[in-house]
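**Student:** One structure is given below, represented as structure tokens, and several questions about it will come after.
The values are calculated or read from the model by the stated rules, or taken from the named source; none is laboratory data. Model, not experiment: these values are computed from the prediction. Note: ideal-geometry Cβ built from the backbone for every residue, glycine included; neighbour counts use all protein chains shown. We work out accessible area using only protein heavy atoms, side chains counted, and drop any ligands, DNA or RNA first. Shrake-Rupley method; radii C 1.70, N 1.55, O 1.52, S 1.80 Å.
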Amino acid sequence: MGFHDPLLSVLQTRLPGLLYDWAPGGKIKGDEYWVKNPMRDDKRGTSFSVNIRTGCWKDFAVPGSQGRGNLISLYAGIHRIN
């Protein structure tokens with residue numbers, strides 16, 4: 001088990017509140033938080049989602065999406081952390 005595992009568990013218990021802070025303006029539809037992509041200049045709010053049960057995210061507007069990551073990679077992407 002890596003150090004990310006306990007951190008991911010804690011982060012997931014705080015969803016969707018974290019998502020409202022990290023990527024404001026989104027809406028929950030079912031198990032998904034849909035919002036304009038906070039990592040690029042996105043004009044729509046329908047191409048980026050985060051699953052509020054698993055924390056997995058995906059950018060549907062980018063072929064071969066950089067997404068499908070976890071909450072740690074989402075935070076890093078939003079804050080431009082490598």
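**Student:** Leaving out ligands, DNA and RNA, what percent of the accessible area of the chain is carbon and sulfur, probe 1.4 Å?
**Tutor:** Values: 2880 of 5110 Å².
Carbon and sulfur together cover 56 percent of it.
**Student:** Same structure, new question: Based on the alpha-carbon gyration tensor of the stretch 1-61 and its eigenvalue square roots a ≥ b ≥ c, which shape applies: rounded if a/c is under 1.5, prolate if not and a/b is larger than b/c, or oblate?
**Tutor:** It is prolate, given that a/c is not under 1.5 and a/b is the larger ratio.
**Student:** Right, here's the next one. Output ³J(HN,Hα) for the stretch 33-39: one whole-Hz value per residue in order, computed from phi by the Karplus curve 6.51 cos²θ - 1.76 cosθ + 1.60 with θ = phi - 60°, and x for Gly and Pro.
**Tutor:** With coefficients 6.51, -1.76 and 1.60, one gets 9, 9, 7, 4, 4, x, 9 Hz.
**Student:** Kindly provide the helix-only [θ] at 222 nm of the chain, computed as the sum of -39,500 (n - 2.57) over DSSP H runs of four or more divided by all residues, to the nearest 500 deg cm²/dmol?
**Tutor:** So the helix-based figure for the chain works out to -8000 deg cm²/dmol.
**Student:** What accessible area per residue comes out for the chain, rounded to a whole number of Å², with a 1.4 Å probe?
**Tutor:** On the way: 5110 Å² over 82 residues.
Here the per-residue accessible area is 62 Å².
**Student:** Which aspartates and glutamates have a Cα lying under 18 Å from the Cα of Lys27, excluding residues fewer than 8 positions away in the same chain?
**Tutor:** Asp42, Asp59
**Student:** Something else about it: Between Asp31 and Asp5, 0.36 nm times their residue separation minus their Cα-Cα distance comes to what?
**Tutor:** Full extension of this stretch gives 7.2 nm more.
**Student:** Related question: The chain: longest stretch without exposed chymotrypsin sites (Phe, Trp or Tyr not before Pro) (DSSP loop, at most 14 other Cβ within 10 Å), sites themselves excluded?
**Tutor:** The segment 4-59 is the longest one with no such site.
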